[in-house]
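K.L.:
I have a structure I would like to understand better, so I am pasting it below and will then ask my questions one at a time.
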Amino acid sequence: MTTLFLSHPDCLQHITPQGHPEQVARLDHVLKALGASKFNDLQREDAPMGEAAHVKLVHPPAHFEQVQGMAPTQGTVSLDADTHMSKGSLTAALRAVGANIRAVDQVMGGHVQNAFCGTRPPGHHAESEKPMGFCLFGNVSIAAKHALENHGAERVAIIDFDVHHGNGTQDLLWNEPRVLFCSSHQMPLYPGSGAATETGAHHNVLNYPLSEGCSTNTMRAAYDGEILPAVEAFNPDLILISAGFDAHQADPLASLMWEVDDFSWLTQRICDVADKVCDGRIVSTLEGGYDLDALAASVAAHVEVLMERGG
């Protein structure tokens, strides 16, 4: 068994306005970091193109048609103050969807132990009929539904450690009892959701807000004391990770104090739970992270642990 890395050059063609934090350089830095010799054993594939039918696993047809219709032939268009599309954005977003579909296929099929999707745009802010927060489609939500509908999974857990609450994932899966969505995030912070009282229609949502500047000890206590025990008790057949690295202390968009070692620690702990409940099956997908050097180092640490545990 091994770790699969999925990406595609098309994801570099999602162009945002100059100065936008969700920029091409993010993926460039990730690809460079994962090109180091210690990642020579990483199994690599080009992400296939996702299909409209994949998007419609969680979004209504009108959402796909809206995003498709907004794609410009030149320049960029703004879907809201934060979310933009260029000529290559729809293709990039469908590569991100396709990466998640392929990753679930390979992990659930027993061909690889775990997978990391290094794609953009991210997905966890995209709501049912609303692209927002740099996101067009709910990549991880789509992966969860694909595992349930096409691989016989009875339960899927999602762990979102991005510094921003995954409001889109919560919205898309609010009424899905077969998915447990767990999120740690800074509060108050964009998008303003993620209170502990938001628990889902079937008590299938666990939000753990973290205060600005809180210590990493607080984060570790949250995961060891509440989040990971909840995932273990849910007994999922697959664990998905919304892997945002903007909780790093250097990130310009937030104020948590995580370091690279914290991402290594958390990945190890998630793998521990995965080993107990689902034979180590994990699919992780890139979300946020906007300090380029911190992003590259944190992704490298995350993937290095996945490889160690998937070997």
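Any read-out appearing in this document is the output of simple, stated calculations on the displayed coordinates, not a laboratory observation. Keep in mind the model is a prediction, meaning the values are calculated, not measured. Note: ideal-geometry Cβ built from the backbone for every residue, glycine included; neighbour counts use all protein chains shown.
K.L.:
Amide H neighbours of MET132 under 5 Å, at least 5 residues apart or on other chains, H built in the peptide plane: list them.
P.N.:
Residues meeting the amide H criterion: ALA126, GLU127.
K.L.:
Also: Using 0.36 nm times the number of residues separating ASN217 and LYS56, minus their current alpha carbon distance, what extension gain do you get? Write out the running numbers ahead of the final one.
P.N.:
Numbers: separation 161, 0.36 × 161 = 57.96 nm, distance 3.98 nm.
Length difference between fully extended and current span is 54.0 nm.
K.L.:
Moving on to the next point. If a/c stays under 1.5 just call it rounded; otherwise compare a/b with b/c (prolate if a/b is bigger, oblate if not). Do that for the range 138-215, with a ≥ b ≥ c from the square roots of the Cα gyration tensor eigenvalues. Can you show the working numbers first?
P.N.:
On the way: a/c = 2.42, a/b = 2.04, b/c = 1.18.
Prolate shape, in that a/c is at least 1.5 and a/b is the bigger ratio.
K.L.:
A follow-up question, please. So what is the calculated 222 nm ellipticity per residue for the chain, using -39500 (n - 2.57) for each DSSP H run with n of 4 or more, over all residues, to the nearest 500 deg cm²/dmol?
P.N.:
Values: 10 runs with 114 residues, N = 311.
Helices in the chain give a 222 nm mean residue ellipticity of -11000 deg cm²/dmol.
K.L.:
Still on this model: Going highest first, how would you order 88-101, 189-202, 241-254 by mean Cβ packing within 10 Å?
P.N.:
On the way: 88-101: 26.1, 189-202: 14.9, 241-254: 23.4.
The peptides rank, most packed first, as 88-101, 241-254, 189-202.
K.L.:
Which order, highest average first, do 128-140, 52-64 follow once you tally other Cβ atoms within 10 Å for each residue and take the mean per peptide?
P.N.:
Numbers: 128-140: 25.3, 52-64: 17.7.
Order by mean packing, descending: 128-140, 52-64.
K.L.:
May I pose another question? Can you compute 3J(HN,Hα) from phi for each residue in the range 2-8, using the Karplus curve 6.51 cos²θ - 1.76 cosθ + 1.60 with θ = phi - 60°, rounded to whole Hz and x for Gly and Pro?
P.N.:
7, 10, 9, 10, 10, 7, 6
K.L.:
Using the alpha-carbon centroid of each, what span in Å lies between the range 74-93 and the range 192-257?
P.N.:
When both Cα centres are located, 29 Å separates them.
K.L.:
About the Cα centre, and with charges only on the beta carbon of Lys, Arg (+1) and Asp, Glu (-1), how big is the dipole of the range 1-101? Nearest 20 debye, please. Numbers along the way, then the final one.
P.N.:
Numbers: 7 positive and 10 negative charges, 37 e Å.
With Lys and Arg at +1 and Asp and Glu at -1, about 180 debye.
K.L.:
Let me ask you something else. Using just the Cα positions, wrap the range 1-80 in a convex hull and report its mean projected area in square nanometres, one decimal place. The partial results should precede the final answer.
P.N.:
Details: hull surface 29.9 nm².
It is 7.5 nm².
K.L.:
Give me the tail of P(r) for the range 224-286 as a percent: Cα-Cα pairs with distance above 16 Å.
P.N.:
Details: 970 of 1953 pairs.
Tail of the P(r) past 16 Å holds 50 percent of the pairs.
K.L.:
Let me ask something else. Apply the Karplus parameterisation 6.51 cos²θ - 1.76 cosθ + 1.60, with θ equal to phi minus 60°, to every residue of the range 100-114 and state each ³J(HN,Hα) to the nearest whole Hz, in sequence, with x for glycine and proline.
P.N.:
3J(HN,Hα) across the range 100-114, in whole Hz: 5, 4, 4, 4, 5, 4, 6, 6, 5, x, x, 7, 9, 7, 8.
K.L.:
Right, next: With a ≥ b ≥ c the root eigenvalues of the C-alpha gyration tensor of the range 165-311, is it rounded (a/c under 1.5), prolate (a/b larger than b/c) or oblate?
P.N.:
Oblate shape, in that a/c is at least 1.5 and b/c is the bigger or equal ratio.
K.L.:
Which whole number in µm²/s is D for the range 42-95 by Stokes-Einstein, with the Kirkwood Rh taken over Cα pairs at 4 °C and 1.567 mPa s?
P.N.:
Values: Rh = 12.4 Å.
Translational diffusion coefficient: 105 µm²/s.
K.L.:
Additional query: Could you work out the local net charge near ALA81, counting Lys and Arg as +1, Asp and Glu as -1, over the other residues with Cβ closer than 15 Å to its Cβ?
P.N.:
Value of the local net charge: -2.
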